[in-house]
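Written below as structure tokens is the structure these notes are about.
Each value in this text was obtained by applying a stated rule to the coordinates, not by laboratory testing. Since we're looking at a predicted model, the values are computed, not measured. Cβ coordinates were reconstructed from backbone atoms using ideal geometry, including for glycine residues, and neighbour counts include every protein chain displayed.
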Amino acid sequence: MYNFSINPAYDYEQGTYANGSVNERMELYRRCEAEGVGISVMKAFSSGQLLDERTSPFGKALTKIQCIQYALDKPGVLTVLPGIRGKKDLEEILKFNKATEEEKDYSIISEFTPPEATGKCVYCNHCEPCPMGLDIGLINKYYDLSKAGDILAKDHYKNLEKTAKDCIQCGHCNTRCPFKVDQMNRMQEIANYFENI
Ligand code: SF4
Ligand code: SF4
């Protein structure tokens, strides 16, 4: 297990501990999963800065629930460990367990996405529902992990009930993705890739 600070600010190169570029950080998360190293997330709220629009580097506040979901969607992440100052903090964090999909939706960060991250899938599933029942985020995650050398990703992909081959190119995900991913194209690319490895 490896402790690492993950939040949208650090991933988008904002703040003192924002080490590495967007791509380098995503590669690190994939490498951890590929090599069987679990990540325990610290500073999910960027020391609270992201929770207040006056201190958020984006000028907009995120909720704790959005920040936790953001971190959990990253490859390799097993757990998020927010700082707890008392019972009130703990009760707030535990609300995550009962949060709705709308409360977990962090697509607002697409407004701050730097050019190098635009068009890249972050596995958030904000483009769901897919009419064919594909788990779009998971399919993309296994694809990226397999390309990063994760030998288990191929089997995980092949064990999915629906894979990229089942995509009917309806375009619903393309119109819904806040991160401007051309998912229709990517599904064809993913289907080809897994057919040929
Ligand atoms: S295509 Fe877009 S909305 Fe769908 S999982 Fe990827 S980043 Fe999220
Ligand atoms: S284009 Fe494919 S993956 Fe996207 S919503 Fe339609 S069927 Fe699902």
Every residue from the stretch 183-197 that is under 15 Å from Lys141 (Cα atoms), within 12 Å of ligand 1 (Cβ to nearest atom) and in contact with a helix residue (DSSP H, G or I) (Cβ under 6 Å, 6 or more places away or on another chain) = Gln183, Met187, Ile190
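Yes/no per residue for (1) among the charged types (D, E, K, R); (2) touching a Gly at 6+ places or on another chain (Cβ under 7 Å); (3) more than 16 Å from ligand 2 (Cβ to nearest atom):
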| residue | (1), (2), (3) |
| --- | --- |
| Leu90 | no, no, yes |
| Thr100 | no, no, yes |
| Glu103 | yes, no, yes |
| Glu111 | yes, no, yes |
| Cys121 | no, no, no |
| Cys124 | no, yes, no |
| Cys130 | no, no, no |
request  = Look at the stretch 131-156 and say how many of its residues are assigned to a loop (DSSP other than H, G, I, E, B), buried (at least 16 other Cβ atoms within 10 Å of the Cβ) and touching a residue at least 40 places away in the same chain (Cβ under 8 Å).
outcome  = 3
Scope the stretch 108-140; condition charged (D, E, K, R) and touching a helix residue (DSSP H, G or I) at 6+ places or on another chain (Cβ under 8 Å); matching residues = Glu116, Lys120, Glu128
query = Of all residues in the stretch 99-130, how many are assigned to a helix (DSSP H, G or I) and away from ligand 1 (no atom under 12 Å from the Cβ)?
reply = 9
Residues of the stretch 97-148 satisfying the condition of being within 13 Å of the chain's Cα centre (by Cα) and of a type in the set (Phe, Trp, Tyr) = Tyr106, Tyr123, Tyr142
remark   = Reported set for the stretch 178-197 where residues are near ligand 2 (Cβ under 9 Å from one of its atoms) and either crowded, with 18+ Cβ neighbours inside 10 Å or farther than 29 Å from Phe112 by Cα (or both) is Gln183, Arg186, Met187
inquiry  = Could you check the stretch 165-177 and list, in sequence order, the residues that are surrounded by 14 or more Cβ atoms within 10 Å (Cβ to Cβ), within 14 Å of ligand 1 (Cβ to nearest atom) and over 19 Å from the mean Cα position of the chain (by Cα)?
reply    = Cys167, His172
Helices (runs of 4 or more DSSP H) enclosed by the stretch 1-95 - at least 1 residues per element that are within 16 Å of Thr113 (Cα to Cα) and either out of contact with any Cys (no Cβ under 6 Å at 6 or more places or on another chain) or without any contact (Cβ under 8 Å) to a residue 60 or more places away in the chain (or both) = 8-11, 22-34, 64-72
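Let's see how each residue does on (1) in contact with a Leu (Cβ under 8 Å, 6 or more places away or on another chain); (2) under 24 Å from Asp144 (Cα atoms):
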position: Glu33; (1), (2): yes, yes
position: Lys43; (1), (2): no, no
position: Glu53; (1), (2): no, no
position: Val77; (1), (2): no, yes
position: Arg85; (1), (2): no, no
position: Glu102; (1), (2): no, no
position: Ile109; (1), (2): yes, yes
position: Val122; (1), (2): no, yes
ask   = within 16 Å of ligand 2 (Cβ to nearest atom) and free of Cβ contacts under 8 Å to residues at least 40 places away in the same chain: does that describe Lys162?
value = yes
